[in-house]
1. Run down 148, 170 and say which single residue is open to solvent by 40 Å² or more (accessible area, probe 1.4 Å), on the phi > 0 side of the Ramachandran plot and at pLDDT 80 or above.
2. So for segment 39-56 (the condition being modelled with pLDDT of 80 or more, open to solvent by less than 100 Å² (accessible area, probe 1.4 Å) and in a helix (DSSP H, G or I)), does at least one residue qualify?
3. Condition first: under 43 Å from the mean Cα position of the chain (by Cα) and of a type outside the set (A, V, I, L, M). Now tell me which residues in segment 156-177 satisfy that.
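The values are calculated or read from the model by the stated rules, or taken from the named source; none is laboratory data. Computed from a predicted structure; not experimentally measured. Note: areas computed on protein heavy atoms with side chains; ligands, DNA, RNA excluded. Shrake-Rupley method; radii C 1.70, N 1.55, O 1.52, S 1.80 Å.
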Amino acid sequence: MTNPYTAPIPPAPRPPDARPLRKRALVWLGGSALFLTGVLIGSTGDAEQQPVEAKVRPATTVTATATTTATPEPAPTVTETVKVKAKPAPTVTVTRTAAARVAGAGGGSGSTGGSGGSGGSGTTSRTGTCSIVSNAGNCYSAGQFCRNSDHGAVTSTASGTTIKCVYSANAWRWTAA
């Protein structure tokens with residue numbers, strides 16, 4: 001960066017021309033000869049020009065417009081038939097285990113187990129009170145997600161509690177009604 005308080009440095013003087021005077025004179029002579037030649041050639045072309053008239057006459061203009069509409073021929077239609085092989089879908093198997101009753105004196109013990117599908121409640125036996133069941137056939141319980149077709153519907157759980165499909169916490173869920 002330059003100092004703003006100092007004067008600028010003047011440019012260096014031009015060095016003296018190293019070419020001799022005779023060479024510089026030849027350049028001037030050649031340039032002048034070329035200029036005069038151009039003037040002479042340019043002035044000979046003026047003889048064929050007509051003088052400009054004070055009145056301007058409109059020239060007759062003929063315009064021909066030809067319109068042709070070409071209708072393209074229809075191109076052949078190419079149809080490719082693709083045979084798609086069906087991918088095997090997952091198989092859903094629902095297994096229910098019924099409680100075995102022991103015919104004995106006083107109190108046999110039974111075990112109940114099961115595996116559910118998309119219901120997620122783990123309860124496979126129904127009391128017959130739930131009117132809307134999951135795709136796996138199980139009763140819904142509070143807190144589970146609702147299907148799109150169940151929005152706003154009312155049903156009951158396996159234990160008989162009434163639940164309703166409502167929109168809460170950014171999702172449609174079954175909640176106690």
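1. Details: 148 fails: on the phi > 0 side of the Ramachandran plot.
Being open to solvent by 40 Å² or more (accessible area, probe 1.4 Å), on the phi > 0 side of the Ramachandran plot and at pLDDT 80 or above holds for just one of 148, 170, which is 170.
2. The answer is yes, given that some residue of segment 39-56 is modelled with pLDDT of 80 or more, open to solvent by less than 100 Å² (accessible area, probe 1.4 Å) and in a helix (DSSP H, G or I).
3. If the condition is that a residue be under 43 Å from the mean Cα position of the chain (by Cα) and of a type outside the set (A, V, I, L, M), then 164, 165, 167, 168, 170, 172, 173, 174, 175 are the ones that fit.
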